[in-house]
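Since every read-out is calculated from the coordinates, none of them should be taken as a lab result. Note that the coordinates shown come from a computational prediction; the quantities given were computed from them, not determined experimentally. Ideal geometry is used to build each Cβ from the backbone, glycine not excepted, and the neighbour counts take in all protein chains shown.
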Amino acid sequence: MMYVALGSNIGERANYLAEAIQAMAVNGLQVTKESSVYETAPVGYTDQPSFYNMVVEVEPVLSAEAALLRLQQIERDLGRERLFKNGPRTIDLDILVYNSEDIQSKQLTVPHPRMHERAFVLAPFAEIAPVVEVKGMTVRALLEALPESERQDVVRLGPLQSLVNSV
């Protein structure tokens with residue numbers, strides 16, 4: 001399976017998440033499971049609105065590189081602008097895991113190199129795939145290994161559809 005992290009902190013955040021999931025299906029990336037949405041404080045550049053984050057499970061019918069290109073196109077289609085590192089964004093789509101492969105290329109590193117440090121990724125990931133192993137540890141164990149101070153700002157809001165205004 002492929003797992004993709006989604007994040008948004010500009011405009012109608014829940015709508016951007018929902019639109020990204022719909023666009024994934026249209027682009028050959030069939031979502032088979034969705035986590036709840038979590039509201040989280042920004043990391044890195046903190047002078048910006050909070051994020052809505054979630055993780056989805058995707059049936060891997062494309063190669064990881066082809067999936068990455070499709071996800072980047074979805075980001076562009078939904079108005080993603082990369083003005084500076086860790087800046088605000090309409091949508092952010094990151095491949096976390098692709099089957100159990102280790103991929104190191106100029107364009108893509110899988111498993112995601114910083115996910116083990118990020119409660120905003122691990123909390124929704126653990127909700128839908130707690131026993132998936134990443135670098136010898138389960139997602140649940142990675143989440144539990146984070147300091148409480150990292151986990152406390154990750155608040156579960158509920159299912160995406162309960163948060164969507166009108167898509």
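Remarks
- Between A64, A145, A18, the Gaussian network model of the chain with springs among Cα atoms under 10 angstrom shows the greatest mean-square fluctuation at A145.
- Normalising the average separation of contacting C-alpha pairs (under 8 angstrom, six or more residues apart) by the number of residues puts the relative contact order of segment 1-125 at 35 percent.
- Once each of the trypsin sites (Lys or Arg not before Pro) sitting in a DSSP loop with at most 13 other beta-carbon atoms within 10 Å is removed, the chain keeps 1-81 as its longest stretch.
- On a per residue basis, the convex hull of the C-alpha atoms belonging to segment 48-116 measures out at 115 Å³.
- Fluctuation leader among M54, M137, M115 - the chain, Gaussian network, Cα springs under 10 angstrom: M137
- For the chain, the convex hull spanned by the alpha carbon atoms encloses 106 Å³ per residue.
- Just checking the listed ones, V97, V132, V26: in the Gaussian network model of the chain with Cα springs under 10 Å, the one fluctuating most is V26.
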